[in-house]
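> Here you go, one structure.
The values are calculated or read from the model by the stated rules, or taken from the named source; none is laboratory data. All of these numbers come straight from a predicted model, not from anything done at the bench. Methodologically, a virtual Cβ is constructed for each residue, glycine included, from the backbone with ideal geometry; neighbour enumeration extends over all protein chains shown.
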């Protein structure tokens, strides 16, 4: 291969690497800005975890770019010698990458809430330590044989968890995030795997740099599309559920904070009457027959969903898209399940007790939680 063609491959690869760095930095700043603009900020927010991962990925790419393009023995030399200078920058790159992966796994673990996955965080922590003491050749093997498969397994579990529990645009966003991570791994294989590099030649590194840049762009454009990272922990926002007839008769209520379901509770009946009054007054103030969808009162919000005979009201701390879709789905199923009873409703609300389990399964994190959460029915 001519030196002129190698120079072209080198320039394209360098441009792609720089683009990946800039995109990763930009999107990490966007995520940090989202966290900063939150009304209530806390250090355990998953935004910080994912934003920090992108920041570490950008720094890692900077170190690798220095090693691969600006040191003695860079990858586009005909016979790259091993130099201490290049080894130094590569080890820094692996060190920052492993820190980023450790932070990412901890952020994902916070959502999965499964202690088994902390083993992967331990693997990432061990990789951080090993990146200090081992050579670049050993780190390359560990990265592809141990760290990358472990992180992919956790992200697959995270994707599966999200698809099963989260509604709306979040499913698509998480799926795209996983695809972008696969892009990054494939890109690194083209850049670092001896077999691929020997088989394809210098163009392998150029292809890898372009794939990594594409992965950073997909990841960065996906994360800001996640309207609220609290969607991943939607069950923490749920407070109470009320089911009423269109005329305001209370059919069922559940207090999720206390794990208490009720159909005859006096307090629940009074609350249901108050909700009906709020709905009526708001419709009169607005001057329209259009039904109320959301009532925002400071830290508490009320989400409304309607069917032919019933009205569902979910009291939450945040009007998350997942909860809106879940409430709509539950009200529809409630209507179908009790269609005959609601059509000729005689005031007997005890017949709606079986729906309590259905509600707990819908608005608790898992069905297993729902089976154990209820502590009393009155």
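> For region 7-24, how many residues are surrounded by fewer than 19 Cβ atoms within 10 Å (Cβ to Cβ) and either in contact with a helix residue (DSSP H, G or I) (Cβ under 6 Å, 6 or more places away or on another chain) or not assigned by TED's automatic domain parsing to the domain that holds residue 178 (or both)?
The qualifying residues number 3.
> Evaluate region 69-79: report whether one residue or more is in contact with a helix residue (DSSP H, G or I) (Cβ under 9 Å, 6 or more places away or on another chain) and in a helix (DSSP H, G or I).
Looking through region 69-79, at least one residue is in contact with a helix residue (DSSP H, G or I) (Cβ under 9 Å, 6 or more places away or on another chain) and in a helix (DSSP H, G or I).
> Something else now. I'd like to check something: does region 321-328 contain any residue that is in a strand (DSSP E or B), touching a strand residue (DSSP E or B) at 6+ places or on another chain (Cβ under 9 Å) and under 26 Å from residue 166 (Cβ atoms)?
no
> Any idea how many residues of region 19-63 are assigned to a helix (DSSP H, G or I) and farther than 19 Å from residue 184 by Cβ?
9
> Quick check: is even one residue across region 295-314 at pLDDT below 85 and touching a helix residue (DSSP H, G or I) at 6+ places or on another chain (Cβ under 8 Å)?
Within region 295-314, one or more residues are at pLDDT below 85 and touching a helix residue (DSSP H, G or I) at 6+ places or on another chain (Cβ under 8 Å).
> Something else now. Please go through (1) under 15 Å from residue 220 (Cβ atoms); (2) not in a helix (DSSP H, G or I) for residue 16 and return the number of the only condition it doesn't satisfy.
(2)
> Of the residues that sit in region 196-238 and are crowded, with 17+ Cβ neighbours inside 10 Å and outside any helix (DSSP H, G or I), which one is modelled with the highest pLDDT?
In this case the residue turns out to be 238.
> Oh, and also: Please verify whether residue 267 is at pLDDT below 85 and within 28 Å of residue 39 (Cβ to Cβ), treating the condition exactly as stated.
When the stated conditions are applied, residue 267 does not pass them.
> Looking at residue 49, is it modelled with pLDDT of 90 or more and crowded, with 16+ Cβ neighbours inside 10 Å?
In short, no.
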